[in-house]
1. Scanning for something more than 7 Å from chain B (Cβ to nearest Cβ), closer than 21 Å to residue B:51 by Cβ and at pLDDT 95 or above, does the stretch A:33-40 turn up at least one residue?
2. Restricting to the stretch A:35-61, count the residues that are within 11 Å of residue B:69 (Cβ to Cβ) and without any contact (Cβ under 8 Å) to a residue 24 or more places away in the chain.
3. Name the residues in the stretch A:133-160 that are touching a helix residue (DSSP H, G or I) at 6+ places or on another chain (Cβ under 7 Å) and surrounded by fewer than 17 Cβ atoms within 10 Å (Cβ to Cβ), would you?
4. Can you tell me how many residues within the stretch A:133-152 are free of Cβ contacts under 8 Å to residues at least 12 places away in the same chain and either under 20 Å from the mean Cα position of the chain (by Cα) or not in a helix (DSSP H, G or I) (or both)?
5. Of all residues in the stretch A:161-175 being within 7 Å of chain B (Cβ to nearest Cβ) and under 22 Å from the mean Cα position of the chain (by Cα), which is surrounded by the fewest Cβ atoms within 10 Å (Cβ to Cβ)?
6. Which of (1) surrounded by fewer than 19 Cβ atoms within 10 Å (Cβ to Cβ); (2) modelled with pLDDT under 70 is the odd one out, the single condition residue A:96 does not satisfy?
7. What number of residues within the stretch A:34-58 are surrounded by fewer than 19 Cβ atoms within 10 Å (Cβ to Cβ) and more than 22 Å from residue A:94 (Cα to Cα)?
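The values are calculated or read from the model by the stated rules, or taken from the named source; none is laboratory data. Everything numeric here is computed off the predicted structure, so don't read it as measured data. Quick reminder, even Gly has a Cβ in these numbers, built from the backbone with ideal geometry, and neighbours come from all protein chains shown.
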């Protein structure tokens with residue numbers, strides 16, 4: 001079964017997962033665990049907290065597969081959205097508010113896979129494009145986007161942290177994302 | 001060109017970015033969603049920015065998740081899949097509550113333990129790390145029970161597959177009691193390895209056992225245990 005499942009598209013695997021097919025779920029896990037874990041680690045700042053978020057998120061994917069709507073985007077976007085929500089929940093529960101800062105550029109645990117599939121190579125190109133687009137934003141905009149998305153802070157918390165009016169923070173978030181959208185649209189790397 | 005706006009648009013005009021980033025407070029999120037219902041302009045903007053936000057995870061440094069995490073997730077998933085299969089296609093996909101069947105075959109417990117001794121699968125037991133850290137209970141060369149922070153996991157290698165059409169079930173025997181069934185059902189992977197979440201009551205139990213049972217598990221064992229692990 002598992003061998004057959006590997007030949008299926010994500011959306012077809014989700015149909016099987018809805019019916020309780022654990023082998024199909026295992027293939028989905030293999031495909032999406034690395035980007036999901038990368039996101040969870042970036043948010044939580046530690047292996048143990050990232051693993052807790054991953055466990056919660058993937059069990060949620062398994063149990064709530066029926067909620068996946070292919071008209072609203074890809075399976076990967078849906079899975080990463082669940083990981084993000086679980087990460088925000090964990091951060092706001094206050095368990096890891098004092099987490100260490102994450103080194104984005106040279107983390108010791110970072111592992112590079114020497115054998116890249118074409119799809120993975122394309123994803124890495126997209127990742128480079130997203131990072132490049134982020135660098136085009138004014139610091140004041142990328143700062144509030146990062147604090148909100150990866151840090152789980154609300155706009156009022158961010159306003160207090162950077163000593164700026166709440167309206168200013170909201171405006172920076174909106175303008176920053178609109179600029180990011182324009183930059184990414186040029187390279188056509190926006191996910192479905 | 002421009003889409004029609006809804007009531008309160010002036011108030012919510014800047015909130016789209018905070019909303020798609022998840023940065024509104026819960027009560028604000030609910031109120032903003034109500035606004036979105038009546039404001040085509042904001043709905044369109046949110047739709048566009050949601051796509052942008054979905055690209056943000058690609059910007060983080062790549063990391064490989066540890067293999068043990070996959071084992072933990074899949075142990076839970078396979079256990080639930082077994083329960084689901086046993087319950088039929090109409091079963092609820094929510095996480096199963098931990099089950100406690102009534103014991104219907106207590107007098108067989110002594111015989112079952114004796115059978116395990118006879119078939120030579122009761123292995124040398126070593127208990128280590130009784131302090132605050134993880135506690136590992138060895139069940140011979142090929143299996144161990146790890147109890148860490150209230151969570152118990154059975155980890156086995158080179159385990160034979162159960163007979164066709166059956167799964168393994170974990171049983172817990174409390175001190176002075178008889179073996180009780182658990183919802184921990186599993187089938188080893190093709191390489192004979194298995195990682196199984198076990199109810200944390202096992203930490204205070206006298207014996208943990210594993211036997212092969214019909215899919216969905218049994219209220220009382222229907223076969224001799226293939227593994228018997230004295231706990232304390």
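1. yes
2. Going through the stretch A:35-61 one residue at a time, the tally reaches 5.
3. Passing the criteria: A:136, A:140, A:156.
4. Total meeting the criteria: 2.
5. Among residues in the stretch A:161-175 that are within 7 Å of chain B (Cβ to nearest Cβ) and under 22 Å from the mean Cα position of the chain (by Cα), the one surrounded by the fewest Cβ atoms within 10 Å (Cβ to Cβ) is A:174.
6. Residue A:96 satisfies every listed condition except (1).
7. Residues meeting the conditions: 1.
A quick yes/no check of all residues on (1) surrounded by 18 or more Cβ atoms within 10 Å (Cβ to Cβ); (2) within 27 Å of residue B:23 (Cα to Cα); (3) out of contact with any helix residue (DSSP H, G or I) (no Cβ under 9 Å at 6 or more places or on another chain); (4) at pLDDT 50 or above:
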| position | (1), (2), (3), (4) |
| --- | --- |
| B:56 | yes, yes, no, yes |
| B:59 | yes, yes, no, yes |
| B:68 | no, no, no, yes |
| B:82 | yes, no, no, yes |
| B:88 | no, no, yes, yes |
| B:96 | no, no, no, no |
| B:102 | no, no, yes, no |
| B:114 | no, no, yes, no |
